[in-house]
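Inspection log for the structure reproduced underneath, given as structure tokens.
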Amino acid sequence: MPNESIPLLFSIACLSWLGSPAAFGEKATGARKEVGIVSNIKVLSGSVDDVSDLEAWKASFLKPDMTDREKAVAVWNSVVRFRHQDVPPKEFLHEDLCVHDPIKTFNVYGYGQCCCSASNVEALARAAGLNARGRELRGHTVPEVEWKQDWHMLDASLISYFIDARGDVASVNEIAKEVRTWLAANPGMRGKLASFMANDGWKKGPPLLATCRFYDRNGRLPARSHGWHSTIGEYSGYPPVREQGYSMGYRVNLQLRHGESLTRNWSNKGLHVNSGPDGKGPAPLCLKGSFLDYTHKYGDLARGRIGNGSRVWDVPLTGHSLKRAALRCENLLADTRRQGALGVDDGGMAGILELRMPTSYVYLDGKLTVSGSIGEGGMVRVSFSRNHGLDWKEVFSGSAGGPFSMTVDLGPLIHRLYDYRLRFELKGTGTRLHSLRTEHDVQHSQRVLPSLTQGDNTIRFSAGPPQGTLTIEGNARSNYPNVLNLREFHPRMDRIASSQAGLQMTTGNGSITFPVDAPGDIKRLRFGCHYRARSPKDGWNLEVSLDGGQSWLTVGRAAGPVVGSCKFVSFDEIPAGIGKALVRFTGRQNNTAMIFSLRVDADYIEPNGGFHPVKTTYSWEENGQEMHHVHIAKSPRETYVIHCKAKPIMRSLTVELSD
């Protein structure tokens with residue numbers, strides 16, 4: 001039955017070869033090397049926009065012939081579509097400790113509060129080439145975007161903007177002036193706003209608000225959490241300008257090794273980033289889908305917002321795939337006396353296995369299960385690192401001879417992380433590993449998942465380029481001891497100190513330098529900060545050194561005078577063979593210049609990266625019947641069709657390397 005999906009239908013097809021072997025680090029002729037890791041895997045449907053990175057977002061929402069106003073409204077529209085007003089996720093990295101990276105918000109969470117939304121609009125508007133700023137209202141924060149030399153308020157949090165008498169989007173100052181004027185003329189209304197707005201009463205209020213298309217008949221805004229009465233209170237003062245600081249750099253990079261799978265679900269089991277390892281923390285209302293009724297009008301096909309996915313790796317301990325997937329695999333060989341076992345080669349030396357565990361979706365929980373045996377006088381030690389191997393913490397050690405089996409609870413160690421490493425140290429002849437498995441719970445947004453709809457669904461699969469990313473990001477403050485801190489990445493701090501607000505110079509100038517040691521040749525460096533530079537003479541130079549600090553190149557400048565702003569740059573003029581670099585933020589101040597948060601991303605070429613066939617499994621229901629569709633992509637670019645006879649209820653999407 002062509003173009004139809006029935007239970008466990010296997011579509012194993014290669015429709016076209018659109019990828020060059022050379023693009024994946026392979027020779028055009030001759031035998032291909034065995035690939036250790038496949039990177040940048042995407043599965044897209046025609047029903048959901050691709051917002052997996054900044055470039056994909058631009059392609060989805062910006063068009064070459066757009067006016068500045070059209071670009072700004074497109075920015076607003078994208079934030080409305082992929083972010084919902086709710087209790088914000090907290091990673092303790094950005095402004096107000098919330099998540100203020102728009103691409104991360106879209107893909108990992110899909111919800112946040114007004115500060116998060118304002119920062120998203122500011123960041124994306126600037127990425128689109130527009131000026132933007134934040135405004136602090138009474139109990140609310142909104143962004144403004146500039147076009148035609150005027151400011152215009154676009155609230156993607158409560159979902160509103162207002163059209164002025166000229167037919168353009170009004171500014172915060174215009175709205176606030178009208179609200180103050182109306183309140184002055186109606187002093188008795190302050191305690192009666194909620195009842196007044198019902199039954200189209202809100203249309204009798206300030207004229208600028210009376211034509212707003214986003215209020216319903218009773219004055220409620222689409223998200224239902226606020227309404228016309230809230231608007232009156234929020235704009236009743238004189239709102240100051242306030243930057244809603246953000247981070248730019250996150251991008252989705254689905255990477256898979258042999259034995260590894262990633263499952264993303266159109267459901268959750270109650271886990272979320274705020275809950276913490278102890279299960280406590282404020283839960284967002286969108287943990288249950290009933291709070292999301294309005295989102296379907298904005299293209300949302302999911303029934304909920306928070307997704308709990310799983311990442312599982314049954315590490316293959318024999319064969320070449322392990323050495324090609326591991327950061328280190330030294331003095332270890334397949335043990336011929338036991339099938340599937342990995343043992344010490346030279347009993348006089350330690351065998352070392354180091355594995356990197358990157359994820360595009362934040363870790364919530366996890367466990368490590370290992371079995372093996374310890375030879376006479378031998379030892380097994382397992383260590384954990386959350387700062388790219390700069391420091392290690394022992395999580396298991398065994399020296400008693402004979403077989404062993406243990407499970408390590410990784411939850412308290414990895415919660416809120418996107419990357420960590422495991423090191424296995426084996427000593428003694430006869431010491432070996434029999435099995436090694438990691439299991440993780442991750443959080444992702446359901447909104448971005450490539451949903452199916454009734455009828456034909458065109459699915460686009462792609463993989464590559466073979467690149468990974470090493471990220472330096474942590475809390476810049478001094479008062480969150482249990483949160484990953486920037487100081488854990490061993491920066492050299494010259495007349496820079498951490499305070500309760502961020503990084504601050506102790507004299508008129510100072511710098512903070514981060515060493516970058518990537519697993520492969522560095523392709524580009526992307527970095528920047530949320531900063532303060534009150535004086536025109538204040539500011540921070542964003543610098544790179546590729547020769548160990550002997551020479552420096554200024555890539556950009558975070559300049560003053562600003563009470564707060566953000567600056568992010570990208571540098572790709574890096575010769576081949578460079579795997580180490582230094583990134584430096586050099587500051588000068590007259591008036592308390594600061595860095596509130598920063599991020600460094602090093603995109604590198606995976607030494608053993610390339611393409612290997614990828615298996616994709618869709619699961620859903622139609623009229624109560626469980627349905628599956630399996631496709632094995634044999635080339636880096638493929639397109640295929642899944643047909644749904646009835647409206648599907650989506651369940652899961654799994655990707656893994658094919659056997």
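Only the coordinates and a few stated rules stand behind these numbers; no lab work does. Keep in mind that this is a model prediction, so the values were computed, not measured. Don't worry about glycine lacking a Cβ; one is built from the backbone with ideal geometry, like all the others, and counts go over all protein chains shown.
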Would you please give the residues with an amide H less than 5 Å from that of Phe396, counting only those at least 5 places away or on a separate chain, with H modeled from the backbone geometry? Val382
From the phi angles alone, apply the Karplus equation (6.51, -1.76, 1.60; θ = phi - 60°) to region 36-45 and give each ³J(HN,Hα) in whole Hz, x where the residue is Gly or Pro. x, 8, 10, 10, 6, 7, 10, 10, 10, 10
Across region 106-118, in residue order, what do the Karplus-derived ³J(HN,Hα) couplings come to in whole Hz, using 6.51 cos²θ - 1.76 cosθ + 1.60 with θ = phi - 60° and x for Gly and Pro? 4, 8, 8, 10, x, 7, x, 9, 5, 5, 5, 5, 4
Taking amide hydrogens as modeled 1.01 Å from N in the peptide plane, which residues meet the under 5 Å criterion relative to Glu243, leaving out close sequence neighbours? Gly134, Gly564
Modelled label-to-label distance, Lys323 and Asn482, 7 Å Cα→beta-carbon offset: nm? 4.3 nm
Would you mind computing, in nm to one decimal, how far apart the modelled labels at Thr506 and Ser371 are, each placed 7 Å from Cα along Cα→Cβ? 5.5 nm
Given contacts defined as C-alpha pairs under 8 Å and at least six residues apart, what's the relative contact order of the chain, whole-number percent? 18 percent
Given a Förster radius of 45 Å and the C-beta distance between Val569 and Asn199 as r, what FRET efficiency does 1/(1 + (r/R0)^6) yield to the nearest 0.05? 0.25
Residues whose placed amide H lies under 5 Å from that of Gly259, excluding near-sequence neighbours: Leu657
Can you tell me the 0 to 90 degree angle between the C-alpha axis of helix 68-82 and the longest principal axis of the chain, rounded to 10? 60 degrees
Relative to the first principal axis of the alpha-carbon coordinates of the chain, what is the inclination of helix 172-185, with its axis defined by its Cα atoms, in degrees from 0 to 90 and to the nearest 10? 40 degrees
Taking the simple approach of a point 7 Å from Cα along Cα-to-Cβ for both Ser551 and Lys58, what is their distance in nm? 2.9 nm
Please report how many Lys pairs in region 144-297 have alpha carbons closer than 28 angstrom, counting only residues at least 8 apart along the chain or sitting on separate chains. 13
Gyration tensor verdict on region 522-659 (Cα atoms; rounded if a/c is under 1.5, prolate if a/b is larger than b/c, oblate otherwise): oblate
Rounded to the nearest 20 debye, dipole of region 54-234 from Cβ charges on Lys, Arg, Asp, Glu: 560 debye
Expressed as a whole-number percentage, the relative contact order of region 311-443 with C-alpha contacts under 8 angstrom and at least six residues apart is 38 percent
Antiparallel bridges, percent of DSSP beta bridges restricted to the chain (to nearest 5): 95 percent
Residue-normalised 222 nm signal for the chain, counting each DSSP H run of n ≥ 4 as -39,500 (n - 2.57), nearest 500 deg cm²/dmol, is -3000 deg cm²/dmol
